[in-house]
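Read the structure below first, then the notes.
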Amino acid sequence: MSMQNERRRAERRQADANADDDLSPEYLALLEVCGGEIRASDRAVLAERRLAMQLESEAIAAKKQDAAQAALPAADRRRAGTT
């Protein structure tokens, strides 16, 4: 896509804050990494997505740790200080 087309698209998005061409969080993240311009509303969407992903990964890690502790024999749990 040419720079001229990109500029027109950016101008359209700036002119209409409620544009139907909302970008996916993945594309927004790519734009941010590459130094592209992102609307404030898109930044909020990106921040919400990051928070949700962080909370999800923390929950998964906690479940894995609980499962690993449950799999240990009682003697190993005492040695690990978990009982």
*Give me the pairs: first residue in segment 4-21 and within 16 Å of ILE38 (Cβ to Cβ) and at pLDDT below 75, second residue among the hydrophobic types (A, V, I, L, M, F, W, C) and assigned to a loop (DSSP other than H, G, I, E, B), beta-carbon distance under 6 Å, and six or more apart or on different chains, which are they?*
ARG13/ALA19
_Need the failing condition index for GLY35 against (1) on the phi > 0 side of the Ramachandran plot; (2) at pLDDT below 80, just the number._
(2)
*asked:* Looking at ALA70 and the list (1) modelled with pLDDT under 85; (2) surrounded by 13 or more Cβ atoms within 10 Å (Cβ to Cβ); (3) not basic (Lys, Arg), which single condition is not satisfied?
replied: (2)
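The values are calculated or read from the model by the stated rules, or taken from the named source; none is laboratory data. Since this is a predicted model, take the numbers as computed values, not measurements. Positions of Cβ are backbone-derived with ideal geometry, glycine not excepted, and every protein chain shown enters the neighbour counts.
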